[in-house]
2 protein chains.
Amino acid sequence: MDSVVAREQALDAAERLFYGRGVQSVGMDDIRGASGVSLKRLYQLFPAKEQLVEAYLERRDARWRQRLAEHVQRHEDPRERLLAVFDWLETWFGEEDFRGCAWINAYGELGATSPRVVAQVRGHKRAFRDYLAELVAGAGLDAGVTGPLFLLAEGAMVTAGITGSTAPAAEAREAARVLLRAG
Amino acid sequence: MDSVVAREQALDAAERLFYGRGVQSVGMDDIRGASGVSLKRLYQLFPAKEQLVEAYLERRDARWRQRLAEHVQRHEDPRERLLAVFDWLETWFGEEDFRGCAWINAYGELGATSPRVVAQVRGHKRAFRDYLAELVAGAGLDAGVTGPLFLLAEGAMVTAGITGSTAPAAEAREAARVLLRAG
DNA sequence: CGACCGAGAGAACGCACGTTCTCCACCGAA
DNA sequence: TTCGGTGGAGAACGTGCGTTCTCTCGGTCG
């Protein structure tokens, strides 16, 4: 059935609007207007707004990690792969609609009131950290460098979002290079 | 007049509630209930909720940076002072009501809709970064290490908030130590 | 052809909340 | 004592929004 199409369209609109303007300032009616999916259908697909938010974060998580992995896999050298993470952050930060990390923003907006959103955010960050750990292991490095690399990446995301600059990615990459050499 | 007292009480309540539950889920009536300051008075002191939010962030910024500086100043050695920043982060993360960085959270919640809040957040982060730069200069280090130290601190704040653990502070401190040695 | 079923448009409902207004009790001055 | 004004409690107002309901219409099956 094309309810799967409607679902995709709803999620497309939700992602664009929630990410761009924040969750709370976007009404279900805005989603309907932007997606062309009627309210009735929206509530059939997602029994409440919170579930739409959850689905938005979930789908974005899958896509985000896949895009990152695709970029990283283009490199052969295991150490280059680690640094490629920061290169990818830079291209992400430079995208026109970049407005910071969707999960960090969602945590700031809903972390105090929605446990389900908190779970999504923790899941996403854990997955990202695990992915870094894989890359670290693949490069034969001490597992202890995973934490610092993760913190550098998180700091870069937050700072790029707040300042609207891509520079934090290069800074983080440079710091990562030093850490890998010294650690 | 004790309008200055009322102002302090209002800001005390605002800080407790806004930080603990997020800005949007706290109503002006909640502020009144928690502060004992009547709505009429609240609106005399702050013409709109947004200005109360602004004042909350501003006062918290002053206090936050003073607490940090006080802790750092207890150390003599300039390099120790830099590391003391991360020690202080750890005690901050361990406070009972810690819910992440108030400015990062505020940016996530209101960054898309309130330019005044964005200005507060940028101002706070710039001040923190400038303070780190001072410490770096005082230790006779290359100014280029300021950025990485800042990113480590930001990453630690965000991660401590999301995971509810103090561990990111120690991780960041250790990474900072390595960077200072290797840079 | 006619009756039913699904879906869309959008009105309606209930509630929350930012902001303002009303009413009244209190207190200092003439 | 009376008058004016200050401030508090809380009702009232307007709006926005999450969610549900109604009405209508097009299509499909008997």
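The values are calculated or read from the model by the stated rules, or taken from the named source; none is laboratory data. Please read these numbers as outputs of a predicted model, since none were measured by experiment. Because the Cβ atoms are built from the backbone with ideal geometry, glycine has one as well, and the counts that use them run over all protein chains shown. In case anyone asks, the SASA skips ligands and DNA or RNA and just uses the protein heavy atoms, side chains included. Shrake-Rupley method; radii C 1.70, N 1.55, O 1.52, S 1.80 Å.
Take the Cα pairs of the range B:1-47, get the Kirkwood Rh, then feed it into Stokes-Einstein at 20 °C and 1.002 mPa s and tell me D in µm²/s.
205 µm²/s
Roughly how many Å is it from the Cα centre of the range B:38-67 to that of the range B:84-159, as a whole number?
20 Å
Based on alpha-carbon atoms only, what is the radius of gyration of the range B:65-171 relative to the globular estimate 2.2 N^0.38 Å?
Ratio of Cα Rg to 2.2 N^0.38 Å: 1.09.
Taking H placed 1.01 Å from N in the peptide plane, check which residues at least 5 places from B:Val23 or on another chain put their amide H under 5 Å from its amide H.
none
Starting from the range B:86-183, pick out the GluC sites (Glu not before Pro) whose DSSP state is loop and whose Cβ has at most 13 other Cβ atoms within 10 Å.
B:Glu95, B:Glu96
Could you pull the copy-to-copy label distances for B:Arg21, with points set 7 Å along Cα to Cβ, in nm to one decimal and sorted shortest first?
2.6
Show me the trypsin sites (Lys or Arg not before Pro) within the range A:65-140 that DSSP assigns to loop and that have at most 15 other Cβ atoms within 10 Å of their Cβ.
A:Arg74
Distances from A:Arg177 to the same position in the other copies: list them in nm, one decimal, shortest first, using label points 7 Å from Cα along Cα→Cβ.
Result, one decimal in nm: 2.6.
Taking a spot 7 Å from the Cα of B:Arg67 along the direction of its beta carbon, which residues of the range B:78-97 have an amide N less than 16 Å from it?
B:85-97
Note down the magnitude of the dipole of the range A:49-182 about its Cα centre, charges +1 on Lys and Arg C-beta and -1 on Asp and Glu C-beta and zero elsewhere, to the nearest 20 debye.
For the range A:49-182, the charge dipole is close to 300 debye.
Dividing the Cα radius of gyration by the Kirkwood radius, what Rg/Rh value follows for chain B?
1.02
Provide the gained length on full extension for the span A:Glu134 to A:Ala119, in nm with one decimal, where the gain is 0.36 nm per separating residue minus the Cα-Cα distance.
Net length gain for the segment: 3.2 nm.
Tell me the total accessible area that B and A bury against each other, 1.4 angstrom probe, in square angstrom rounded to 100. Spell out each step's value before the answer.
Working: alone 9610 and 9560 Å², together 16240 Å².
Approximately 2900 Å², summed over both chains.
Over the range B:122-167, with every protein chain in place, what whole percent of the accessible area is carbon and sulfur at 1.4 Å, could you tell me? Walk me through the numbers before you get to the answer.
On the way: 820 of 1560 Å².
Taking all protein chains in place, the range B:122-167 shows 53 percent carbon and sulfur surface.
State, to one decimal in nm, how far the label point of A:Asp30 lies from the label point of A:Glu8, with both points 7 Å from Cα in the Cβ direction.
For the pair A:Asp30/A:Glu8, the computed spacing is 2.5 nm.
Under a plain spin-label model, where a point goes 7 Å from the Cα along Cα-to-Cβ, how far apart in nm are A:Thr91 and A:Arg59?
2.3 nm
Consider the operator that turns chain A into chain B: which A residue has a Cβ nearest its axis, and what is that gap in Å?
For chain A, the closest residue to the axis carrying it onto B is A:Gly108, 1.
About the Cα centre, and with charges only on the beta carbon of Lys, Arg (+1) and Asp, Glu (-1), how big is the dipole of the protein assembly as shown? Nearest 20 debye, please.
So the magnitude is around 540 debye.
When all protein chains stay in place, what accessible area (Å², nearest 10, 1.4 Å probe) is found for A:Leu45?
For A:Leu45, solvent-accessible area is about 40 Å².
Counting only complete DSSP H runs, which helices of chain A cover 30 Å or more along their long axis at the Cα atoms and score a mean Kyte-Doolittle of -0.5 or above?
Passing helices, by number: A:115-138.
Consider a paramagnetic label point 7 Å from the Cα of A:Ala127 along Cα→Cβ; state which residues of the range A:82-114 have an amide N under 17 Å from it.
Once the point is set 7 Å along Cα→Cβ of A:Ala127, A:101-107 turn out to lie under 17 Å by backbone N, inside the range A:82-114.
Where the label is 7 Å out from Cα toward Cβ, how close does B:Gly138 come to the same position in every other copy, in nm, shortest first?
4.3
Restricting things to alpha carbons, find the Rg to Rh ratio for the protein assembly as shown using the Kirkwood radius for Rh.
0.99
Using 0.36 nm times the number of residues separating A:Glu50 and A:Asp77, minus their current alpha carbon distance, what extension gain do you get?
Numbers: separation 27, 0.36 × 27 = 9.72 nm, distance 4.22 nm.
Here the segment from A:Glu50 to A:Asp77 would lengthen by 5.5 nm.
Sequence gap at least 6, Cα distance under 8 Å: using those rules, report the relative contact order of the range B:1-47 to the nearest whole percent.
Details: 27 pairs, mean separation 19.5, N = 47.
Value for the range B:1-47: 41 percent.
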